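Take a look at the structure below.
The numbers here are math on the coordinates, done by the rules we state, and not lab data. Given the structure is predicted, the values throughout are model-derived calculations rather than measurements. For neighbour counting, all protein chains shown are included, and Cβ atoms are generated from backbone atoms with ideal geometry for every residue, glycine included.
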Amino acid sequence: MKSIIKITVYYIFLLSQVLFSQPDWEPGFILTDSVQSLKIKTCMLTPFESLTDFPLINMNSSERLLLQFDDFNFDSEDYMYSITHCNSDWSVSDLHFTEYIDGFPENYIQTFDFSFNTKVSYVHYELVLPNSDFRFIKSGNYVLTVYNVEESKTPIFTKRFMVYDDKLFVGAKVQQSTLAKGRYSDHEIDVTVNFGNIDYVNPINDVHLSIYQGHRWDNAITNLTPSFVERKKLVYDFEEESSFSAGNEYRFFDSKSVRFYTERVQEIIRDSLDVVLLYPDVPWANQAYSFYPDIEGYFVPNILERDDARIQADYVWVNFCLQQNPFVDKGDLYLYGALTDWYLKEEAKLNYDERMGCYETSLLLKQGYYNYTYLFIPEDTQLASQEAVDGNFHQTSQDYYIFVYLYDYDYGYDRLLGYRKISTRGMF
């Protein structure tokens with residue numbers, strides 16, 4: 001009997017550690033993608049079946065997400081993760097975890113392995129969501145937070161993802177802008193939402209629409225007001241309000257080998273840490289549009305000479321060089337894509353080298369196949385755009401993701417009830 005009591009007390013203690021050790025996110029606080037630790041690299045949250053797609057799953061399906069990241073450490077750490085529910089604008093919702101999770105929202109990351117025969121030692125971690133510890137019982141926006149138990153109030157990184165409940169029919173199309181000024185540079189998105197037997201009180205206040213251009217979080221179009229309301233159908237038919245600058249295709253490079261010169265590799269400097277020098281890039285803005293097959297800004301870790309890229313791919317310094325005169329407008333130039341964790345990292349900012357006549361920087365990256373682009377942020381607007389370097393061309397292949405949220409008055413949260421993916425691929 002005493003042993004049973006001791007075991008019960010022990011599990012209560014473990015539960016209290018879980019419930020009170022995670023970072024505190026106050027309701028209303030806006031969460032974003034970020035990596036706070038310099039020793040965390042190759043942080044990826046993707047569908048389990050594909051490393052090159054948007055992080056979202058259907059709540060009533062067997063779909064899962066896969067988290068992978070590397071820790072530049074010789075020993076494994078006690079990492080835990082927490083799941084936070086957010087509103088449509090990525091502010092923390094008022095829901096208690098018992099209202100959106102069946103199980104515990106904080107658990108240990110138990111799957112890891114050590115790098116093998118690499119110049120840089122690291123520990124590779126993996127986590128599948130959902131898993132045997134919990135399942136989602138509410139749709140909506142979510143943020144995954146990973147932290148060290150010993151420093152629980154300081155998150156190591158955060159990643160956004162969506163869980164949708166397929167209740168609405170979302171019709172959407174993408175086309176060249178109907179406005180003359182954006183005819184050859186913009187994509188226009190038109191959306192129709194059919195609610196069927198789903199009731200709403202006020203379509204203006206209760207329904208929230210978000211449109212994402214690929215995996216870019218920074219230029220999303222949100223909170224459009226319907227242009228027409230037809231019984232249970234909402235029509236979003238705009239010219240300028242739902243248009244995106246089309247941008248250009250992502251650039252690429254291949255670092256799967258440090259023995260052979262793969263695509264776009266000019267030179268390899270072998271050292272204690274190998275250095276890969278890419279061929280210099282040139283701006284595409286003033287050139288005619290050319291199609292380059294890309295993987296929409298993602299990357300796939302890989303290595304030619306070995307079998308398991310998760311723990312056998314090494315880390316190399318990759319040098320980027322954009323041959324361009326200094327910008328006339330003041331501002332900052334950044335590399336962008338999955339290689340920067342889909343946000344504008346300070347370490348990914350390029351500096352102008354007068355001697356070389358180019359903007360230049362280097363990133364420490366895992367071997368693999370990469371996409372990337374250049375985003376320029378003018379000092380006076382703070383809006384990141386491809387236009388200054390690579391221009392905007394309506395022929396560009398872009399994926400667009402449309403999410404429809406309906407406010408739930410009973411529980412006080414935004415339900416994600418509709419989702420649609422459309423693409424310009426092959427249209428022009």
Fill in: Pairwise FRET efficiency - residue 355 versus residue 50, Cβ, R0 = 45 Å, nearest 0.05
0.60
Worksheet item: Counting other Cβ atoms within 10 Å of each Cβ, which GluC sites (Glu not before Pro) in region 320-428 have at most 15 and sit in a DSSP loop?
Response: 354, 379
Fill in: Net charge dipole size for the chain [Lys, Arg +1 and Asp, Glu -1 on Cβ; Debye, nearest 20]
700 debye
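How much space per residue, in cubic angstrom, does the convex hull of the C-alpha atoms of region 2-164 take up?
Taking the convex hull of the Cα positions in region 2-164, it is 138 Å³ per residue.
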Worksheet entry | Low-density loop positions, trypsin sites (Lys or Arg not before Pro), region 292-339 - DSSP coil, at most 10 other Cβ in 10 Å | 330
Practice prompt. Counting other Cβ atoms within 10 Å, keep those with at most 10, restrict to DSSP loop, and tell me which trypsin sites (Lys or Arg not before Pro) in region 180-250 are left.
Written response: 231
Worksheet item: Can you give the direction-averaged projected area of the convex hull of the alpha-carbon atoms in region 350-428, in nm²?
Response: 10.4 nm²
Discussion item. Can you tell me the mean projection area, over all orientations, of the convex hull of region 275-341's alpha carbons? Units nm², please.
Written reply: 6.7 nm²
Fill in: the chain: most fluctuating residue of 246, 180, 313 per GNM, C-alpha cutoff 10 Å
180
Response to the item:
In whole angstrom, largest first, the equivalent ellipsoid semi-axes that the Cα gyration tensor gives for region 251-390 are 27, 16, 14
